[in-house]
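Shown next, in structure tokens, is the structure this report addresses.
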Amino acid sequence: MNAVLFRNGGPRFRGDDIVAVAATSNNDDIVTFVVTDIEADGPSPLESSMLSFASVACDVTGTVLDEFEAVLEPRSDRQPNPMTMAWWKTQPDAYRHATENAEPPEVVMPRYADWVEALPGFHVFAAAPMSFDGLWMDHYLQTYAGVRVLGHPTGGRQIFRGGGVDLYTMAGTLRGAPYMKWGMQRVPADWYGHVPHSHRAIDDARGFANVLAKLFSISATLPRIEATESVYR
């Protein structure tokens with residue numbers, strides 16, 4: 001299996017190597033985390049457009065299997081939010097990356113769904129926070145590809161498993177911080193692998209993938225608690 005160095009120092013696999021991972025492992029035991037960051041021209045997918053997004057597919061150790069990055073054409077039935085656009089004016093380089101070489105979302109989102117589906121094992125969506133990036137991705141995937149970010153019991157094509165990972169919550173609790181100090185800006189820089197949070201989607205997704213691996217390494221040191229019986233049905 002050929003590995004190439006990922007720019008934050010972690011190993012990364014491409015193409016046929018992903019097939020090799022699936023072929024040489026018990027696929028039922030593999031979980032691939034799809035760590036995603038989006039950029040938009042407003043706070044709500046019901047009013048504005050997603051400009052760009054990027055996903056880093058990695059395992060629990062942070063080994064990167066693949067990446068997906070796309071720039072989307074704005075929707076004709078949505079409008080940019082003035083406050084968001086005023087903020088974008090303070091981020092000219094990031095805005096350029098979020099708007100150059102845009103493709104129609106009806107082309108990109110089915111391609112993305114196929115990409116996720118081809119990843120090894122079970123696929124779990126992860127973002128910081130789920131309530132923003134997850135909301136946008138769920139809306140666009142449902143609108144343009146007929147799939148959801150979250151697993152659900154209603155049948156049909158499902159590319160993700162379970163309720164996903166909210167890095168905002170996971171980082172806050174594993175740091176032992178009170179709720180009002182859960183912000184991702186309080187996460188140590190080395191947990192991000194010193195990848196700059198540039199508001200370029202691929203940079204931010206790479207940094208969050210490193211945070212996820214660090215959080216799982218912390219979680220692994222805690223005693224495991226498993227219910228023998230539960231009130232949950």
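Every read-out reported here was derived from the displayed coordinates using simple, explicitly stated rules and does not represent laboratory data. What you see is a predicted model, and the numbers here were worked out from it, not measured in a lab. Counting neighbours? That spans all protein chains shown, and the Cβs are built from the backbone with ideal geometry, glycine included.
Residue check: is ALA213 aliphatic (A, V, I, L, M), more than 29 Å from PRO92 (Cβ to Cβ) and not in a helix (DSSP H, G or I)?
no
Pairs needed: first member in the stretch 175-187, free of Cβ contacts under 8 Å to residues at least 12 places away in the same chain; second member anywhere, among the charged types (D, E, K, R); C-beta distance under 7 Å; at least 6 residues apart or different chains.
Sorted first by the residue in the stretch 175-187, then by its partner, the pairs are ALA177/ARG186.
Test of understanding: among PRO80, PRO120, PRO105, which residue is in contact (Cβ under 8 Å) with a residue 24 or more places away in the chain, buried (at least 19 other Cβ atoms within 10 Å of the Cβ) and within 17 Å of GLY42 (Cα to Cα)?
PRO105
Select from the stretch 218-233 the residues that are outside any loop (DSSP other than H, G, I, E, B) and hydroxyl-bearing (Ser, Thr, Tyr) and list them in ascending order.
If the condition is that a residue be outside any loop (DSSP other than H, G, I, E, B) and hydroxyl-bearing (Ser, Thr, Tyr), then SER219 is the only one that fits.
Of the residues in the stretch 215-233, how many are surrounded by fewer than 19 Cβ atoms within 10 Å (Cβ to Cβ) and closer than 21 Å to THR169 by Cα?
Adding up the residues that qualify gives 11.
Take the residues in the stretch 166-187 that are surrounded by 11 or more Cβ atoms within 10 Å (Cβ to Cβ) and outside any helix (DSSP H, G or I), then tell me which one is farthest from the chain's Cα centre (by Cα).
ALA177
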